[in-house]
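Student: Sharing a structure, written as structure tokens. Questions coming.
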Amino acid sequence: AECLDAYDIASACQTVVGFIDALNNWYIRRSRPRFWRARGTKDSDKQAAYDTLYTVLVTLCRAVSPLLPFVSEAIFRGLTGEPSVHLTDWPESEDFALDTALVESMDRARDVCSVALSLRAAHDIRVRQPLAELLIAGAKLDGLSAHAALIADEVNVKAIRFSDEIDAYASFELKVNARAVGPRLGGETKAVIAASKRGEWEAAGNGRVRVAGHILEASEFEWNLRPKEGIACESLPGNDAIVVLDLAIDESLREEGRVRDLIRAVQQSR
């Protein structure tokens, strides 16, 4: 709504694309077992999944109707049987229940899965090959424990483990953006860069750091993750936690991977 009010059509469209991607590739895909349960059975969880999807799609049609007038009209009328999406009111966020903690923890879980799958791809390990363990180390992990089973299934690992000690697996190196700080600090820039390379910095709150007596804003530096030898890891957005993937594959895991490949091949041949 804010983008449309400001006539920022490009940003509005990008927001819609991002939402549809999350809806399709996360909620719908992860909810397939709920949708596909036997027809005719009384299942409150299945009904809840359909009710949620219906509400989301109808609300989405109302929200995107200024951008997709014909497509949203066809979908809305097909879902509701009502005359027109363009005769409805604009959806207000206050009309829907909001669980901020749940949204934040699920976004965090999606970030973990995205990073873990990227690590798999980087090490050329297919997703159908089970792995022993995924470890999440760092801060703000309390909400993730409730989604451990979901993460394990999405990433295809046997166990999820949590730790608050990033230093046991990797370290962050502060890299100063000389072009950003140079005009402001002038001749002090070299001293700041030298101190950052020696690891002489400290947090200054609100995403800032103090180096050589100067406060650097988040836009004036970046973090480089340095994994310890033999550790496959990557940082989560915000650099306050890392994902460590155990890449060791014993014969039991390898055999399970072969069975999954065989099942997949049989399914595709039907």
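The values are calculated or read from the model by the stated rules, or taken from the named source; none is laboratory data. All values reported here derive from a predicted model rather than from experimental measurement. Note that each Cβ is placed from the backbone with ideal geometry, even for glycine, and that neighbours are counted across all protein chains shown. Keep in mind that these areas ignore ligands, DNA and RNA; they rest on the heavy atoms of the full protein, side chains included. Shrake-Rupley method; radii C 1.70, N 1.55, O 1.52, S 1.80 Å.
Student: Which residues, counting only those in the range 255-265, are within 28 Å of the chain's Cα centre (by Cα), surrounded by fewer than 14 Cβ atoms within 10 Å (Cβ to Cβ) and not acidic (Asp, Glu)? First the steps, then the outcome.
Tutor: So in the range 255-265, the residues within 28 Å of the chain's Cα centre (by Cα) come out as 256-257, 260-261, 264.
Then keep just the ones that are surrounded by fewer than 14 Cβ atoms within 10 Å (Cβ to Cβ); that gives 261, 264.
The answer is 264, and nothing else.
Student: When residues of the range 1-19 are filtered for being on the phi > 0 side of the Ramachandran plot and part of a helix (DSSP H, G or I), how many remain?
Tutor: 0
Student: Could you list all residues from the range 237-247 that are more than 24 Å from residue 207 (Cβ to Cβ) and open to solvent by 10 Å² or more (accessible area, probe 1.4 Å)?
Tutor: Selection gives 246, 247.
Student: Scan the range 75-119 residue by residue and report those that are open to solvent by less than 40 Å² (accessible area, probe 1.4 Å), in contact (Cβ under 8 Å) with a residue 24 or more places away in the chain and in a helix (DSSP H, G or I).
Tutor: Across the range 75-119, the qualifying residues are 85, 105, 108, 109, 112, 113, 115, 116, 119.
Student: Now for a different question. When you scan the range 215-236, how many residues do you find that are under 26 Å from residue 129 (Cα atoms) and open to solvent by 70 Å² or more (accessible area, probe 1.4 Å)?
Tutor: Here is the first cut: in the range 215-236, the ones under 26 Å from residue 129 (Cα atoms) are 227-236.
Now drop any that are not open to solvent by 70 Å² or more (accessible area, probe 1.4 Å), which leaves 228-230, 234.
Of the residues in that region, 4 qualify.
Student: Given the structure, is residue 192 under 22 Å from residue 234 (Cα atoms), of a type in the set (A, V, I, L, M, F, W, C) and in contact with a strand residue (DSSP E or B) (Cβ under 8 Å, 6 or more places away or on another chain)? It would help to see each step written out before you state the result.
Tutor: On the way: under 22 Å from residue 234 (Cα atoms): no; of a type in the set (A, V, I, L, M, F, W, C): yes; in contact with a strand residue (DSSP E or B) (Cβ under 8 Å, 6 or more places away or on another chain): yes.
Answer is no for this residue.
Student: For residue 133, indicate whether it is open to solvent by less than 70 Å² (accessible area, probe 1.4 Å), outside any helix (DSSP H, G or I), among the acidic types (Asp, Glu) and modelled with pLDDT of 90 or more.
Tutor: On the way: open to solvent by less than 70 Å² (accessible area, probe 1.4 Å): yes; outside any helix (DSSP H, G or I): yes; among the acidic types (Asp, Glu): yes; modelled with pLDDT of 90 or more: yes.
In short, yes.
Student: Looking only at the range 1-50, filter to residues that are free of Cβ contacts under 8 Å to residues at least 12 places away in the same chain and of a type in the set (Phe, Trp, Tyr); which one of those is surrounded by the fewest Cβ atoms within 10 Å (Cβ to Cβ)?
Tutor: Here the residue is 7.
Student: Sort through 49, 38, 22 and tell me the only one that's assigned to a loop (DSSP other than H, G, I, E, B), under 30 Å from residue 149 (Cβ atoms) and of a type in the set (A, V, I, L, M). Quick ask: steps written out before the conclusion?
Tutor: Numbers: 49 fails: assigned to a loop (DSSP other than H, G, I, E, B); 22 fails: assigned to a loop (DSSP other than H, G, I, E, B).
Testing whether each residue is assigned to a loop (DSSP other than H, G, I, E, B), under 30 Å from residue 149 (Cβ atoms) and of a type in the set (A, V, I, L, M) leaves just 38.
Student: Is one or more of the residues making up the range 168-188 within 29 Å of residue 105 (Cβ to Cβ), in a helix (DSSP H, G or I) and at pLDDT 90 or above?
Tutor: Yes, the range 168-188 contains at least one residue that is within 29 Å of residue 105 (Cβ to Cβ), in a helix (DSSP H, G or I) and at pLDDT 90 or above.
Student: Does residue 130 fit the bill of being within 19 Å of residue 115 (Cα to Cα) and more than 20 Å from the chain's Cα centre (by Cα)? If you could, list the steps in order and put the result at the bottom.
Tutor: Details: within 19 Å of residue 115 (Cα to Cα): yes; more than 20 Å from the chain's Cα centre (by Cα): yes.
Judged against the criteria, residue 130 is a match.
Student: Filter the range 138-148 for residues that are touching a Lys or Arg at 6+ places or on another chain (Cβ under 9 Å) and not in a helix (DSSP H, G or I); which is most open to solvent (accessible area, probe 1.4 Å)?
Tutor: Across the range 138-148, the extreme among qualifying residues is 140.
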